[in-house]
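K.L.:
Quick one: the structure is below, and I'll ask about it shortly.
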Amino acid sequence: MSQDNKKEIERCFHVLDKIINDNSIPKNIRRAAKNAKTEMQSDEDLTVRATNAITELNEVNEDPNIPVHARTEIWNAISILEGLTVDN
């Protein structure tokens, strides 16, 4: 794995951790962020991991009760993950 990919994964983890640790965000959305982070830590191919994490985040992104700041953070994480799928 390239050094750039490692940096992007760390950036993504930082964004996901912000979501996970924000108690103003509904539990189902925090759980999806945690699942996405766990998915990124698996041993599968990077593209597969990133795609699975994107899918997890997209599911909760459609929730009408999601706070605006949480939606923005999810978009940030998805953007980083999409960059990882393109680079591979």
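K.L.:
Criterion first (free of Cβ contacts under 8 Å to residues at least 12 places away in the same chain, out of contact with any Pro (no Cβ under 8 Å at 6 or more places or on another chain) and either part of a loop (DSSP other than H, G, I, E, B) or not basic (K, R) (or both)) does T85 satisfy it? Break it down into steps so the answer makes sense when it comes.
P.N.:
Details: free of Cβ contacts under 8 Å to residues at least 12 places away in the same chain: no; out of contact with any Pro (no Cβ under 8 Å at 6 or more places or on another chain): yes; either part of a loop (DSSP other than H, G, I, E, B) or not basic (K, R) (or both): yes.
No.
K.L.:
Looking at region 44-57, which of its residues are farther than 15 Å from C12 by Cα and free of Cβ contacts under 8 Å to residues at least 40 places away in the same chain? Outline the logic, then answer.
P.N.:
In the first step, residues of region 44-57 are kept if they are farther than 15 Å from C12 by Cα; the result is 44-45, 48.
E44, V48 - these are the residues of region 44-57 that are farther than 15 Å from C12 by Cα and free of Cβ contacts under 8 Å to residues at least 40 places away in the same chain.
K.L.:
Based on this model, can you work out whether I66 counts as in contact (Cβ under 8 Å) with a residue 24 or more places away in the chain, assigned to a loop (DSSP other than H, G, I, E, B) and not acidic (D, E)?
P.N.:
Numbers: in contact (Cβ under 8 Å) with a residue 24 or more places away in the chain: yes; assigned to a loop (DSSP other than H, G, I, E, B): yes; not acidic (D, E): yes.
Answer is yes for this residue.
K.L.:
Same structure, new question: Within region 31-55, restricting attention to residues that are surrounded by fewer than 19 Cβ atoms within 10 Å (Cβ to Cβ) and of a type in the set (D, E, K, R), which residue is nearest to the chain's Cα centre (by Cα)?
P.N.:
K34
Only the coordinates and a few stated rules stand behind these numbers; no lab work does. A quick note: this is a predicted structure, and the numbers were derived from the prediction, not measured. Heads up, the Cβs are rebuilt from the backbone with ideal geometry, glycines too, and the neighbour counts pull from every protein chain shown.
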